[in-house]
Each structure stands twice: as structure tokens, then as C-alpha cells.
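Asks: One structure coming up, written as C-alpha cells, with questions to follow.
The values are calculated or read from the model by the stated rules, or taken from the named source; none is laboratory data. These numbers come from a predicted model, not from an experiment. Cβ placement follows ideal geometry from the backbone for every residue including glycine, while neighbour counts extend to all protein chains displayed. Just so you know, the surface numbers come from the protein's heavy atoms only, side chains and all, with ligands and any DNA or RNA stripped out. Shrake-Rupley method; radii C 1.70, N 1.55, O 1.52, S 1.80 Å.
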Amino acid sequence: MDPCLSIDECIQEFDTPNLTDWKLFSQSSTLTVYRQSNKKLFYYKGFSYLPDVLPEIFYKVAIDVEYRVVWDKYLKEGRKISDEDKHGVYWQIVMPLFMSNRDYTFIQEYNEYDIDNRHFYYVLTRSEQFKSEPPRKKIIRIENCQSQTLICSDGANGLKSIFLYCEDPRGSFPKAAWSWVAKFGIPYYAKLTHNACKNYPQWIKDKKIVLPNVVEDDIDNSAAAAAAAAMIMPTDDVTGNDDNEDEEQQDKE
């Protein structure tokens, strides 16, 4: 795994992104994601703009594990974990098509910085093994991933953010899965995140409230149709996915 960028390097990417050799992967009205790959690793750069969400709210939503379980429909399980003095988070993510769910154990660090008359919120996550959370059968444990998120005001009542992510997904994703993620999964997730931010202040006051539903029909119809078509393309070899091989290898370890 590559070393994390320093705060100054994150700010430089925030202000003047380097997109050389990066390809546009997914785009919605509030989020643009670029991707590149290197051997088994996939790298992502995401740029978000929310004109009606304060950066402090976005930051709090990003680090609130309890709330994440409430609003993230892709998250099957999420909770804080610990090994003696080491504290972290366990995630289990629901995967599309015939793919095995992925799970993660990671540590989370966060801080705030005042640099050049701007206030930044920063979140770092990186994979970490926890003895209290051994790998589970039929779920592929992601052992190599890290993310950095930097958030700042847009100068008005909204925010801008950059998200840097790297992962070895362990398995050969079928073409249909990537198409689903790019054309449907990420735009839908962006809407879920926006909805979570807008309702967070009320949820903090009353955790029994039910959040407004973000239905799939809210996603761009053309994107949803393209994703649906990709999922049934006969040229896509779903059986070529080696999730079963990864599961067997994991069970042996």
C-alpha cells in the first residue's frame, strides 16, 4: 500500500488535482470519481460539491459509525471494535450480482486544521487486523485498503471535498459489476450521503426518527437503464469471478 499523503499534499490535490493517467469512472450532479489501476490495486479520486451542507456536518457524518448503519443501504453491518488498547471499526458491505460480500477491519483517525485562512476537516482510514474479528466464511476480508478525505467550506453555505481511496478488492470483478458501480452504485451512494447529511442534525436530537427514503427511481433513469443492460450482457463472464477461490484461500489461512 502506498504511504498516505501529507495534509499539505492533500490540500494541493484539493486545489489543483493531478489527473494525469486517471480515467473518469463515475459522475453525478454532486460527485465525480476518477480511477486508475496498478496490478491488483485500484486507486480512486473523488471530488464532491454539496452547496447546501456545511462541512462540519459532512465531517461528523463521515466519522459517526452508529449513524452510518442507519443511512448506508450498502452497509450490512458496522460497529466499533477493539483489541485491548487498539480501537477500530468493522464493516460488511453488500456486493452486487453473484459476488461475495466484502468486510473490513480498519482504524480511523480524524482531525481539523487551520491552514492559509481555511478550516479543513480530515479523515483517514486504513486496514488493520484485529484478533477479535477473524475472517468469516463466505465473506471476503479486504486486507489492503486506505482512504483519506479532506473537507472544506465552499465559501458560502456548502462544502467541497476530495476523497482518495486505494484497495485490493480480492477477486476478479465481472464487467457487469464495474458497470453497475459506476452507473448506478456511486450516484445512488452520493444521494444517500446527501440525504444523511441533511437529516443528521435532527437524528442527533432523536435517534428514533426514520430518515426520508432515497428510492432508486431518484437516480438518473438513463444511468439505471444502462446498468441494468450491463448486468445481462452475454459477453460478461460472471463465472470468471474468482471469489470462490479467494474464499477457499481465506478459509485455509
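Condition check ((1) modelled with pLDDT of 95 or more; (2) farther than 21 Å from Pro201 by Cβ) across all residues:
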| site | (1), (2) |
| --- | --- |
| Ser28 | no, yes |
| Lys45 | yes, yes |
| Glu56 | yes, no |
| Trp71 | yes, no |
| Glu77 | yes, yes |
| Met99 | no, yes |
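Asks: Return the pairs, sorted by first residue and then second, in which the second residue is open to solvent by less than 90 Å² (accessible area, probe 1.4 Å) and in a loop (DSSP other than H, G, I, E, B), the first residue lies in the range 198-212 and is within 15 Å of Val69 (Cα to Cα), the beta carbons are less than 8 Å apart, and the residues are 6+ apart or on different chains.
Replies: Cβ pairs passing all conditions: Asn199/Ile209; Asn199/Leu211; Asn199/Pro212; Tyr200/Asp64; Trp203/Ile209; Trp203/Leu211.
Asks: Looking at this structure, is Ser161 open to solvent by less than 20 Å² (accessible area, probe 1.4 Å), modelled with pLDDT under 95 and of a type in the set (S, T, N, Q)? Break it down into steps so the answer makes sense when it comes.
Replies: Details: open to solvent by less than 20 Å² (accessible area, probe 1.4 Å): yes; modelled with pLDDT under 95: no; of a type in the set (S, T, N, Q): yes.
The answer is no for Ser161.
Asks: Right, next: Failed condition for Tyr67, given (1) surrounded by 16 or more Cβ atoms within 10 Å (Cβ to Cβ); (2) within 17 Å of Val181 (Cβ to Cβ), with all others met?
Replies: It is condition (2) that Tyr67 fails.
Asks: For Cys166, are the conditions met, namely being in a strand (DSSP E or B), within 24 Å of Lys76 (Cβ to Cβ) and either open to solvent by less than 50 Å² (accessible area, probe 1.4 Å) or touching an Asp or Glu at 6+ places or on another chain (Cβ under 9 Å) (or both)?
Replies: Spelling it out, Cys166 is indeed in a strand (DSSP E or B), within 24 Å of Lys76 (Cβ to Cβ) and either open to solvent by less than 50 Å² (accessible area, probe 1.4 Å) or touching an Asp or Glu at 6+ places or on another chain (Cβ under 9 Å) (or both).
Asks: How about the range 94-150: which of its residues are of a type in the set (A, V, I, L, M, F, W, C) and surrounded by fewer than 17 Cβ atoms within 10 Å (Cβ to Cβ)? So that I can check it myself, show each step before the final result.
Replies: First, the residues of the range 94-150 that are of a type in the set (A, V, I, L, M, F, W, C): 94-95, 97-99, 106-107, 115, 120, 123-124, 130, 139-140, 142, 145, 150.
Passing the criteria: Val94, Leu97, Phe98, Ile107, Ile115.
Asks: Between a residue in the range 94-112 that is closer than 12 Å to Trp180 by Cβ and any residue that is open to solvent by less than 40 Å² (accessible area, probe 1.4 Å) and among the charged types (D, E, K, R), which pairs come within a Cβ distance under 7 Å, given they are 6 or more apart or on different chains?
Replies: These pairs meet every condition: Met95/Arg102; Met99/Asp243.
Asks: In the range 1-58, which residues are among the hydroxyl-bearing types (Ser, Thr, Tyr), in a strand (DSSP E or B) and either under 30 Å from Ser172 (Cα atoms) or without any contact (Cβ under 8 Å) to a residue 12 or more places away in the chain (or both)?
Replies: Within the range 1-58, Ser26, Thr32, Tyr34, Ser37, Tyr43, Tyr44, Ser48 meet the criteria.
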